[in-house]
Amino acid sequence: MTVRTRTALDTLPAYAPGRSVPGAIKLASNELSFPTLPAVAEAISEAVAHQSAGINRYPDNGAQALVRKLAEHTGAPEANIIAGCGSVALCQQLVQATAEHGDEVIFGWRSFEAYPIVTQITGATPIRVPVTAAHELDLPAMAAAITPSTRLIFVCTPNNPTGTAISRDDLVTFLDAVPDDVLVVVDEAYREFDTADSSPDGLEFALSRPNVLTLRTLSKAYGLAGLRVGYAVGDQQVIKSLSKVAIPFALNSLAQAAAVAALSVKADLAPRWRQVVDERDRVTAALRAGGFEVPPSQANFVWLPLRERATAFAAHCEEHKVIVRSFPDASGGVRVTIGSPAENDVFLAAAGSFSR
Ligand SMILES: Cc1ncc(COP(=O)(O)O)c(C=O)c1O
């Protein structure tokens, strides 16, 4: 007799993390390539050594100091904010809080790989709405996909992995079409790299419409991917529901301390973000000059919609000691994180020698 597990797991796509290969440059997980800022490293050391609340103690379950800092950072009231163990945990909490078996969760496709996984784990049905030929979220088609069973919609902007951003105007039109009892999550994991004037600020809607929530992370622009800190801003009732489905103490004390410190040195991080943006534009231009299709990216990565050539391209890059992220299927391609200028040069040289 084998142990009975839920049948929903049989068709569950496994999350494939970006691979690390010793000696190779990793451009596969949309991390920031810069080292940890000294103030952040110090805050972590202090949290380890803290006299009365060191790592022998459970962390603050409500992450109060961090939520206070996030309130200062966003201008949102503390009651409208929740922090979580990475924004991916909050994605899962969002589905758990809104959807059950028979309910539907809508998102673009391709979009963040975790959306279908967290949806199916909960027993809800994922509804993938194809992106446009320009690799942009198709908001009118997403609105048209809403049924009485829809509970949650993920709008990822800039979109992972295609890099494209929606406009504020298009988001307003979309939000106006969504019933009030359906939650729209504007996932802005890459917003610090978005330089388009037309892009929305999810906070504006999260604070003015009870059925909109913005999801953000310190994993990317704030360089804390290894510590796992994300947060959501939205209606107080929604935030309360998210806290009910949270795993107790999931956000550890070192992560909380590091996040407070990283938010305090935002000004020191901004030049890093500018470098990423400059490098993204340089890499995009070089790839296009080499004949690749590259949609305009507002994130810290670029998307090469190579479809069935994705696997060969990723293997070719690996031979040249660069690990990129391939999504090998009909709607697939290769996502390449922007690294340091030297790392990007190694990638561009590899891409340039790929025979198509
Ligand atoms: C769009 C999007 N949302 C959320 C996440 C989750 O980030 P984290 O769990 O590291 O905060 C990612 C990570 O890749 C992402 O791309």
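The values are calculated or read from the model by the stated rules, or taken from the named source; none is laboratory data. The structure presented is a predicted model; accordingly, all values stated were derived computationally and were not measured. Here the Cβ is made from the backbone with ideal geometry for all residues, glycine too, and neighbour counts use every protein chain on show. Side chains are part of the model used for accessible areas, which takes the heavy atoms of the whole protein and leaves out ligands, DNA and RNA. Shrake-Rupley method; radii C 1.70, N 1.55, O 1.52, S 1.80 Å.
Assorted remarks:
- Taking residues in the range 158-175 that are more than 11 Å from residue 136 (Cα to Cα), and partners anywhere that are within 12 Å of the ligand (Cβ to nearest atom), the pairs with Cβ atoms closer than 8 Å and at least 6 places apart or on different chains are 171/155; 171/157; 171/186; 174/155.
- Number of the condition not met by residue 146 [criteria: (1) within 10 Å of residue 106 (Cα to Cα); (2) assigned to a loop (DSSP other than H, G, I, E, B); (3) without any contact (Cβ under 8 Å) to a residue 40 or more places away in the chain]: (3)
- Sole residue being in contact with a strand residue (DSSP E or B) (Cβ under 6 Å, 6 or more places away or on another chain), farther than 21 Å from residue 332 by Cβ and at pLDDT 95 or above, chosen from 167, 149: 149
- Residue 264 vs. criteria free of Cβ contacts under 8 Å to residues at least 12 places away in the same chain and of a type in the set (Ser, Thr, Tyr): no
- Residue 135 meets all of the listed conditions (1) open to solvent by 10 Å² or more (accessible area, probe 1.4 Å); (2) more than 21 Å from residue 171 (Cα to Cα) but one, namely (2).
- Contact annotation: residue pairs with Cβ atoms under 8 Å, 6 or more positions apart or on different chains, pairing a residue in the range 98-113 that is free of Cβ contacts under 8 Å to residues at least 60 places away in the same chain with a partner that is assigned to a loop (DSSP other than H, G, I, E, B) and of a type in the set (Asp, Glu), are 108/138.
- Boolean, residue 197 is out of contact with any helix residue (DSSP H, G or I) (no Cβ under 9 Å at 6 or more places or on another chain) and farther than 30 Å from residue 102 by Cβ: yes
- Of all residues in the range 307-335, those satisfying the criterion of being part of a loop (DSSP other than H, G, I, E, B), open to solvent by 20 Å² or more (accessible area, probe 1.4 Å) and at pLDDT 95 or above are 320, 321.
- Being touching a Leu at 6+ places or on another chain (Cβ under 7 Å) and either within 16 Å of the ligand (Cβ to nearest atom) or more than 17 Å from residue 94 (Cβ to Cβ) (or both) is true of residue 222.
- Of everything in the range 240-257 that is part of a helix (DSSP H, G or I) and within 16 Å of the ligand (Cβ to nearest atom), the residue that is surrounded by the fewest Cβ atoms within 10 Å (Cβ to Cβ) is 254.
- Residue in the range 119-127 that is in contact with a strand residue (DSSP E or B) (Cβ under 7 Å, 6 or more places away or on another chain) and within 16 Å of the ligand (Cβ to nearest atom) present: yes
- For residue 230, the test of being within 11 Å of the ligand (Cβ to nearest atom), among the small types (Gly, Ala, Ser), within 12 Å of the chain's Cα centre (by Cα) and closer than 19 Å to residue 84 by Cα is passed.
- Residue 287 of a type outside the set (Ser, Thr, Tyr), touching a Pro at 6+ places or on another chain (Cβ under 8 Å) and crowded, with 19+ Cβ neighbours inside 10 Å: no
- Those helices (runs of 4 or more DSSP H) of the range 4-112 in which at least 2 residues are at pLDDT below 95, open to solvent by 40 Å² or more (accessible area, probe 1.4 Å) and not aromatic (Phe, Trp, Tyr), considering only elements entirely within it, cover 38-49.
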